[in-house]
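Student: Got a structure for you, written out below as structure tokens; questions coming shortly.
The values are calculated or read from the model by the stated rules, or taken from the named source; none is laboratory data. Small disclaimer: the values here were computed from a predicted structure and weren't measured. Please note: Cβ atoms are built from the backbone with ideal geometry, for glycine as well, and neighbour counts cover all protein chains shown.
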Amino acid sequence: MTFLSPDPYGTSAPVPRSRFLHHLNPLAKVAAVLPAWVALLFTRDIITPLVFVVLGVALILVGARLRPAIVVGLLVVLPAIVLVMAVSFGFWTDASRVADQRILFSIGAYDYTVGALAVGLATSLRLGALVTLALVGGLTTTGPDLARALVAQLRIPYRIGYTAIAAYRFLPRFGSELMLIRQAQRVRGVAGGWGPIAAVRRAFAAVVPLLASSIRHAERMALAMESRAFGAHPTRTERTPSRWRVRDSVFVAVAVLVTVAVFAL
């Protein structure tokens with residue numbers, strides 16, 4: 001059974017009640033992974049980032065509602081990218097400075113060693129762990145939810161927070177506007193043709209109409225906010241207030257304890 005989280009901007013998607021990550025405060029998900037992010041910047045081994053990649057993927061699969069394409073990306077595409085990056089980083093490693101000089105393969109006069117692969121794997125796993133931990137909140141939090149949490153919990157001025165929400169809503173509008181502009185150009189035969197040069201011409205031809213549309217939209221939004229006295233008062237009421245609950249504190253505490261345990265062991 002699903003429900004639609006109340007979002008006045010229409011950005012929240014239906015999520016099942018059993019998936020807990022969707023119901024945590026957005027700042028709790030950031031605070032939970034922040035210690036691991038910082039610590040991973042100083043690691044040089046293979047096991048530590050590998051553990052965080054596994055833990056991050058497992059947490060996302062258990063705690064979030066995902067499309068099949070995202071599941072495939074986490075289980076297939078992510079490991080493939082990490083492996084490709086590991087081999088690539090290994091080529092940039094000075095083979096004379098690694099401990100394990102056993103040769104895996106040779107390309108002309110270049111010998112690719114086990115030590116070079118280990119260094120590349122440590123680097124790629126570290127990047128993979130950072131991305132995976134970022135996805136814990138990125139796949140389960142919308143931009144408006146994060147902005148409301150920043151206003152409610154970190155006391156960011158609501159003028160800044162809701163300006164960020166407005167900017168976030170510009171992105172899908174730009175996409176729809178660009179599609180309409182290109183359809184109109186095709187009907188009028190503007191910037192036709194095939195190939196990369198024609199694609200560049202079409203892109204430049206859409207810049208001015210898109211800019212004009214964005215200016216008109218920004219003007220309408222500014223007039224609407226001014227007519228509603230937005231920013232005239234130090235505080236404002238929230239239709240969907242962001243709250244920090246006990247479960248958020250528990251989630252952050254458990255995540256910090258797991259991070260400390262991984263680095264300690």
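Student: Looking only at the stretch 120-166, filter to residues that are charged (D, E, K, R) and surrounded by 19 or more Cβ atoms within 10 Å (Cβ to Cβ); which one of those is nearest to the chain's Cα centre (by Cα)? Don't jump to the end; show me each part of the working.
Tutor: Looking only at the stretch 120-166, we keep the residues that are charged (D, E, K, R), and these are 126, 145, 148, 155, 159.
Add one more test, that the residue is surrounded by 19 or more Cβ atoms within 10 Å (Cβ to Cβ), and what stays is 126, 145, 148.
Details: ARG126: 16, ASP145: 14, ARG148: 18 Å.
Step by step, filter the stretch 120-166, then rank; the result is ASP145.
Student: Are any residues in the stretch 50-76 within 12 Å of THR140 (Cβ to Cβ) and of a type in the set (Val, Ile, Thr), and if so, which ones?
Tutor: Matches in the stretch 50-76: ILE60, VAL62, ILE70.
Student: Now a separate question. When ASP248 is evaluated against the numbered criteria (1) at pLDDT below 75; (2) under 30 Å from VAL33 (Cβ atoms); (3) among the charged types (D, E, K, R), which criterion, by number, is the only one it fails?
Tutor: Only one criterion in (1) at pLDDT below 75; (2) under 30 Å from VAL33 (Cβ atoms); (3) among the charged types (D, E, K, R) is unmet by ASP248, namely (1).
Student: Here's something else I'd like to know. Looking at VAL208 and the list (1) free of Cβ contacts under 8 Å to residues at least 24 places away in the same chain; (2) assigned by TED's automatic domain parsing to the domain that holds LEU66; (3) not polar (S, T, N, Q), which single condition is not satisfied?
Tutor: Unmet condition: (2).
Student: Which one of the conditions (1) touching a Phe, Trp or Tyr at 6+ places or on another chain (Cβ under 9 Å); (2) outside the structural domain of ALA28 (by TED's automatic domain parsing) does THR132 fail to meet, given that it meets all the rest?
Tutor: All conditions are met except number (2).
Student: Inspect the stretch 93-101 for any residue being under 19 Å from PHE42 (Cα atoms) and not in a helix (DSSP H, G or I) and give the result as yes or no.
Tutor: Scanning the stretch 93-101, I find at least one residue that is under 19 Å from PHE42 (Cα atoms) and not in a helix (DSSP H, G or I), so the answer is yes.
Student: Turning to a different aspect of this structure: Looking at this structure, is ALA232 part of a loop (DSSP other than H, G, I, E, B) and either aliphatic (A, V, I, L, M) or modelled with pLDDT of 75 or more (or both)?
Tutor: On the way: part of a loop (DSSP other than H, G, I, E, B): yes; either aliphatic (A, V, I, L, M) or modelled with pLDDT of 75 or more (or both): yes.
Here the answer is yes, as ALA232 does meet what is asked.
Student: Do the conditions hold for MET179, that is, is it over 30 Å from ILE46 (Cβ atoms), outside any loop (DSSP other than H, G, I, E, B) and modelled with pLDDT under 80?
Tutor: No: the conditions fail for MET179.
Student: Given the conditions (1) within 26 Å of VAL258 (Cβ to Cβ); (2) part of a helix (DSSP H, G or I), which single one is not true for THR140?
Tutor: Single failed check for THR140: (2).
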